[in-house]
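The values are calculated or read from the model by the stated rules, or taken from the named source; none is laboratory data. Fair warning: this is a prediction, and the values are worked out from it, not measured in the lab. Don't worry about glycine lacking a Cβ; one is built from the backbone with ideal geometry, like all the others, and counts go over all protein chains shown. Accessible surface areas use protein heavy atoms only, side chains included; no ligands, DNA or RNA. Shrake-Rupley method; radii C 1.70, N 1.55, O 1.52, S 1.80 Å.
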Amino acid sequence: MASELPPLPAEYQNHPVISVLARSATFDADYYLEQYPDVAQSGMHPLVHYALYGFSEQRNPSEYFDSNYYLQNNPDVDKTGINPLLHFCEVGWKELRKPCADFDLWWYWSTYMDPASDKINPLAHYLHYGKGEGYEPRPKGPFALLDSAGHAHTAPIKRICLFAGYDPDGVIDDYVVAYLKALSRHADIYYMADCVMTPAELSKLKGIAKGAWAGRHGAYDFGSYSILAKRLVGWDVIDQYDELLLANDSCYLLSDFDAVFKRMDSRRCDWWGLQATKGINKTRDVGRNRFRQPIPLETVRTSMLDGFESADLYDFLIGSYFVAYRKPVMNDAGFRKQLNAVTVQPNKQNIVQKYEIGLTRYLINRKYLFDTFMPDLYPFHPVYSNWHFRMIEDGFPLFKRYFLTSNHYKVPHLYRWKEKIQRVIPGADIAMMERNLQRITAPDVLEQNLYLGTSELKDDEGIPSALLSPAQFMEADLRTPKYEDWWAFPVCAYSNVFSGNERAVFEEVRTDKNIRKIILTRGQPVALEGENVIVVPLESPEGQYYLMRAKTVFIKHTPTRNLVYPLSSELHDLINLWHGIPLKRIGYASLDQQTRSSAIAHEHSQCKAVISSSSIDTLAMAAAFYPLTYNDIWPTGLPRNDFILRAFEKLPQDLQQESERLQIALQGKKLVVFMPTFRNGQGKACYHFSASELQVLAKFLIENNAVLGVREHMADRSGSYTAQLSELPMISLAATEYPNPEMLYRAASLLITDYSSCFIDFMLTDKPMISFAYDLDHYAEVERGLFYELEHVFPGPVCRDFTALEQALENSLAPPDALATASYQWKKRTFFDHYDDCNAARLVQRVKQLEY
């Protein structure tokens, strides 16, 4: 238990912060002094020290308040600079903000305290009472429902429905009457509206509902459920039924409920809903919530529930707009306690967290088996995304109105909602839905939601006179039309040149006058001509204008790195071309990036697709680009490899000139290309050649009439190898002079690398190569990790020291024997499904096939 706070010095007893914290009973003086002995040595009162100094140093005031955790999970608090414990005590706990990862505030509150009362801070209760009583600060697992049998109904089934309504004009709309008529065939309905209604309005439900009431209570749908259960209907009446259904008027009825009840009545479960949701708007950008394909509910029940509990915010729920509870749950005292305890909340988010998510979590913790009419867990909150239409195709009987009136997930082309519904359900009463929409939603708001980011919006805004701030850009991006025939090509964020995969895609559509090509430069000019081509600086008002209107955007690193601006991935199709076929682990799979996994997953989730070069490479890219799935990886081949295999006379003119310029620089000598990969330590981590080793390299080059061409990694700013090797017969192959490495591969007689994926592209030339893997163990096991065992896939010698490199060089330019040739070709098949110059063409075709 927390210690009693020593008396405050007189001068601090009325201090505006210290006095509040003292009364809060959330500061543990003994803990603070034990954790920070410098405070004990100073003789200063621990709370005074914390309030004046400790909070700004992110010292923790108790074992169960983690200042750093609180600020990281509440960036709005962090921005203010306020004492985090003060914010928690005055505001945070009532908004259900967790004080640390190990104390689940609402779970503790609803489990051990009166969930209807906000007189006592749950953290203070735990520190001074609950901990001593052995109360748990968070639920204990395991939570998987592996052996839950579930409740089986026996016919006939008697069902009661508590139905929550609300209307801004105090009317019962036609769509509600139609909904309740269909539902009344399956349940006895009791209706409660959270608004004022006349008796004439309530009389519309005569013969449909067993009882109907209205009155403003301000606690949303759960407030109506609670009032009906404990006062207007009563638990004694509810006890006469086999199943309790909670439903509300937030949906339009598309078809009757016959199929729903037929399917669910045959299932063994303790409670069920129409669909499950993982993630709410507050957690929509969390990596684990941005999965791309539906997950079978059985998988969720048996293997995912423990992971849900480990999240900073529990956000799995069964939609409360239509959820049914059977006798085991109806008779559960804790369930009744929570439903009875619904009170007015400061915001709707609290309603969702306390009651919709709270009841879901409570019942799962109690091992009650849940089920849903939709057999899968769909990505995001599916009733507010395009997945809603997929569910309707699979028999979902309702359509969420808020999807149209708010569109808070920013779904483009939503004006097609009527067409999509009628294609599946021709008899759906669209006119009735539209009448309600037009009555309750301002015309400009509805138009903005339905035509968000589409060319149907009026594009009457010119190029702004000044750069938009990030916040201004986000707002403008939402209302700006997107044109499907506008393709944007940001140049490389590291080299600032326009090369590689994005350049090859541009070449494929260069003369297509139906596609507007927008090249976004970064400090370096790009001079390319073609049909309908625009070249503008990325960081300019013109760049912002054209980028916001481009539906398709090609990137090669991450959205943040390549685009600079907070471009909406819901409104644009971000196609990640990456910059190579990975040998080393990248992205989510990289060993040295595990502490950033959530941030990396968020970046990747913004991409519509990533390309790959083979079926095996697709597996590696799917691992690296989680949460994208295997189906989001397009095995089109890498467009830039077209430049390796294409006939010289068919190359773009500037690439021909680049190749000719290289030949002039070589002066008839062979080219040995040296292309090392990036290391976190950059210059400090590179190999440092001794004087004698430099002499060996010089001798090899001279004897073979060759020069060493050094190409540093684009992200390496140290230039260490160029400096070390400058006294050899050497030329620099810097990207500023030779932006297209494919021209280097065409000219090279030999490649020396380490773990750079350039060797994979180089395999297409069938020329020899050497891996100088001097730090292989460290790189493979500590820094990055490798997707493949280097010796198994590298078609040449793998040299772990300079002596081995010297031996490999001696034989490198000799003709290979038959066994070496066969091995080379076998390894090449690992990485390539295509051996032609049509990679860009395949990719362009995939992009054009995207459904808009």
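Angle, helix 839-848 long axis vs. longest principal axis of the chain, Cα atoms, 0 to 90°, nearest 10? For helix 839-848, the angle is close to 20 degrees. Normalised by 2.2 N^0.38 Å, where N counts its residues, the alpha-carbon radius of gyration of region 1-117 equals 1.06.
Counting only protein heavy atoms and a probe of 1.4 Å, the accessible surface of the chain is 50% carbon and sulfur. For the chain, the share of DSSP beta bridges that are antiparallel, to the nearest 5, is 25%. Partner lysines whose Cα lies under 30 Å from the Cα of K181, excluding those fewer than 8 positions away in the same chain, are identified as K158, K204, K206, K210, K230, K262, K327, K348, K400, K418, K420.
Judged by the mean number of other Cβ atoms found within 10 Å, the most tightly packed of the peptides 340-348, 746-754, 248-256 leads the ranking 746-754, 248-256, 340-348.
Taking every alpha-carbon pair under 8 Å whose residues sit at least 6 apart, region 98-181 reaches a relative contact order of 25 percent.
Taking packing as the residue-averaged number of other Cβ atoms within 10 angstrom, the listed peptides 375-381, 169-175 run from highest to lowest as 375-381, 169-175.
Summed over the residues of the chain and divided among them, the accessible surface reaches 41 Å² per residue at a probe radius of 1.4 Å.
I'm a student and want to see the number: the projected area of the Cα convex hull of region 599-732, averaged over all directions, in nm².
On the way: hull surface 45.3 nm².
For the Cα atoms of region 599-732, the hull's average projected area reads 11.3 nm².
So if we plug the beta-carbon distance of R829 and E298 into 1/(1 + (r/R0)^6) with R0 = 45 Å, what FRET efficiency do we get, rounded to 0.05?
With R0 = 45 Å, the Cβ-Cβ based efficiency is 0.75.
Annotation: amide H-H contacts under 5 Å for F787 (H modelled 1.01 Å from N, sequence separation of 5 or more, or interchain): K584, R585. With both labels modelled 7 Å from their Cα along Cα-to-Cβ, the E789 to R267 distance reads 4.6 nm. The angle between the Cα long axis of helix 615-624 and the main principal axis of the chain comes to about 60°, on a 0 to 90 degree scale. For the listed residue pairs K140/K354; K458/K848; K513/K828; K584/K828, the alpha carbons are over 27 angstrom apart in K513/K828.
Relative to the longest principal axis of the Cα atoms of the chain, helix 470-479 runs at roughly 70 degrees. So which lysines pass the test for K699, namely a Cα distance under 27 Å, with those fewer than 8 places away in the same chain ruled out? Within reach: K669, K670, K684, K767.
The peptide list 44-51, 221-228, 562-569, put in order of mean Cβ contacts within 10 Å with the highest first, becomes 221-228, 44-51, 562-569. The A182 and I157 beta-carbon pair, evaluated with R₀ = 22 Å, returns a calculated FRET efficiency of approximately 0.85. Summed over all non-identical Cα pairs, the Kirkwood treatment of the chain gives a radius of 31.3 Å.
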